[in-house]
1. Just to be sure, is Q96 open to solvent by 70 Å² or more (accessible area, probe 1.4 Å), within 21 Å of N203 (Cα to Cα) and modelled with pLDDT of 90 or more?
2. In segment 17-34, which residue that is in contact with a strand residue (DSSP E or B) (Cβ under 7 Å, 6 or more places away or on another chain) and among the hydroxyl-bearing types (S, T, Y) is farthest from G61 (Cα to Cα)?
3. Before we move on, is P340 in contact (Cβ under 8 Å) with a residue 60 or more places away in the chain, touching a Ser or Thr at 6+ places or on another chain (Cβ under 7 Å) and farther than 30 Å from E375 by Cα?
4. Out of Q62, Q56, which single residue is in contact with a Ser or Thr (Cβ under 9 Å, 6 or more places away or on another chain), polar (S, T, N, Q) and open to solvent by 20 Å² or more (accessible area, probe 1.4 Å)?
5. So for segment 13-24 (the condition being at pLDDT 90 or above, among the hydrophobic types (A, V, I, L, M, F, W, C), surrounded by fewer than 14 Cβ atoms within 10 Å (Cβ to Cβ) and over 18 Å from T201 (Cα atoms)), does at least one residue qualify?
6. Among the residues of segment 313-337, how many are touching a residue at least 60 places away in the same chain (Cβ under 8 Å) and part of a helix (DSSP H, G or I)?
7. Name the residue, out of R360, R317, R327, that is within 16 Å of V242 (Cα to Cα), basic (K, R) and open to solvent by less than 40 Å² (accessible area, probe 1.4 Å).
Amino acid sequence: MNYSIRFYPEKRGGITENVPIIMSITYASQRLFHYTGKRCNQQQWDADKNALKKNQVAPNGQNSTYFNADLDKIKVTVQELFKAYDVSGVTPSKEQLRENLKKKLGKASSPTEGEGFFDRFEQYIRDSRLSDGFKKHMRTTCNKLRTFNPNTRFEKLTVQYLTDFQNYLLADCNLSKNSAIAELRRLRSFISYAFRHEWTTQNAFQSFRVEAETYGDPVFITTEERNMLFDATIENERLARVRDIFVFQCLIGCRVGDLVKLKRKNIINGFVEYIAGKTQDDNPRVARVPLTPAALTILSRYNLPNGDLLPYITDQRYNEYLKELFRHVGLTRMVTVLDPKTRVSVQKPISEVASSHMARRVFVGNLHRKGVKNEIIASMSGHVENSKALSRYYNINDADKQEALKLIE
């Protein structure tokens, strides 16, 4: 059986220091990647000789002579395995070869300290094509796993482990069911990536079912209530700034993660243009929204030295101040929402559910109620085609019912 063995420093998105040495074994139209337990700096590697350059010292303090001798031992082990396969007339699967290699190499096949589950998770966050916002959420998931079990390893990720982690998110972290589902989906994305890159041979998510999120009808203020906010005289300077940020967001419909990145340079010929963050990697969508007179009025109130459109604040403070703002101007009508814990419908003042994401709902929901086509809304909001989020706005409101009954009076 023909086969080839090659060693190389793993490419890690521009990182050149202390990178893992990977062994690639190609045979019978298959390729196996195996971490050797060795590391070096990219400039120390001789690609032609498939070894560490002479007179080099690896990051662990080992000189090139001993470093390359260890790689040769691994290579000899692979050669011995393939001789045995030839004698037996066996063409091994990748899984069989990996297991045989681990048994033959013993400790040599084990990752060095620091090259474990969480290092691979960090590598995934760093190297994969994820938006900045999604990377932030991924890091949160990684940190929750560290707290849940700092000794997590790939081989420990069983269906029972995932069940226990889900219970931990709901009970100990006090997350809603939807938030816990989001955490599990992010973990599933990482495990699928690790499985494809052969960092692990098992994927418990093939047997563990992650439920679908459950949402109630979108809750948002009407155009009239938005205009009331815009026209309100607010003496409190902090709340006045939050009002401007929120109403402007209602007028362009972007996610808060995109909003805080907007600069003066994003305004082109009376439109605000940006690439929606959730689509920037796989299918970039340019959202282009005309600026209304109210939006231009808000922007005229600020001339910030760093080029920001508005005086942005942290997400947490934004959401806190919005609730205070709604109460301040009297936006406290009762609305029906889905309790995130019990998933039972409850009634709350709209001020209690005010958030940065409500601004996006104001934009989409009120356009939808006016009969604007989804394609037009999506071109401005940055939603992907056939978005499930847009379909949630197909609810029938009281005004629709009243108008319908007028037809048979």
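The values are calculated or read from the model by the stated rules, or taken from the named source; none is laboratory data. Given the structure is predicted, the values throughout are model-derived calculations rather than measurements. When we count neighbours, we look across all protein chains shown, and the Cβ atoms used for this are built from the backbone with ideal geometry, even at glycine. Ligands, DNA and RNA are excluded from the accessible area calculation, which covers all protein heavy atoms including side chains. Shrake-Rupley method; radii C 1.70, N 1.55, O 1.52, S 1.80 Å.
1. Values: open to solvent by 70 Å² or more (accessible area, probe 1.4 Å): yes; within 21 Å of N203 (Cα to Cα): yes; modelled with pLDDT of 90 or more: no.
Considered against the rule, which asks whether it is open to solvent by 70 Å² or more (accessible area, probe 1.4 Å), within 21 Å of N203 (Cα to Cα) and modelled with pLDDT of 90 or more, Q96 comes out as no.
2. Residues of segment 17-34 that are in contact with a strand residue (DSSP E or B) (Cβ under 7 Å, 6 or more places away or on another chain), as a first pass: 18-27, 31-34.
Okay, now just the ones that are also among the hydroxyl-bearing types (S, T, Y), so 24, 26-27.
Values: S24: 25, T26: 31, Y27: 34 Å.
Once the filter is applied, the top-ranked residue is Y27.
3. Working: in contact (Cβ under 8 Å) with a residue 60 or more places away in the chain: yes; touching a Ser or Thr at 6+ places or on another chain (Cβ under 7 Å): yes; farther than 30 Å from E375 by Cα: yes.
In short, yes.
4. Details: Q62 fails: in contact with a Ser or Thr (Cβ under 9 Å, 6 or more places away or on another chain).
Matching residue, one of Q62, Q56: Q56.
5. Kept after step one, since they are at pLDDT 90 or above, are these residues of segment 13-24: 21-24.
From what's left, among the hydrophobic types (A, V, I, L, M, F, W, C): 21-23.
Checking the rest, the ones that are also surrounded by fewer than 14 Cβ atoms within 10 Å (Cβ to Cβ) come to none.
Among the residues of segment 13-24, not one is at pLDDT 90 or above, among the hydrophobic types (A, V, I, L, M, F, W, C), surrounded by fewer than 14 Cβ atoms within 10 Å (Cβ to Cβ) and over 18 Å from T201 (Cα atoms), which makes the answer no.
6. Here the count works out to 7.
7. Numbers: R317 fails: open to solvent by less than 40 Å² (accessible area, probe 1.4 Å); R327 fails: open to solvent by less than 40 Å² (accessible area, probe 1.4 Å).
On inspection, the qualifying residue turns out to be R360.
Residue-by-condition table, conditions (1) of a type in the set (V, I, T); (2) closer than 15 Å to I191 by Cα; (3) loosely packed, with under 13 Cβ neighbours inside 10 Å; (4) more than 18 Å from the chain's Cα centre (by Cα):
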residue	(1), (2), (3), (4)
M138	no, yes, no, no
C142	no, yes, no, no
L145	no, yes, no, no
P150	no, no, yes, yes
L162	no, yes, no, yes
C173	no, no, no, yes
N178	no, no, no, no
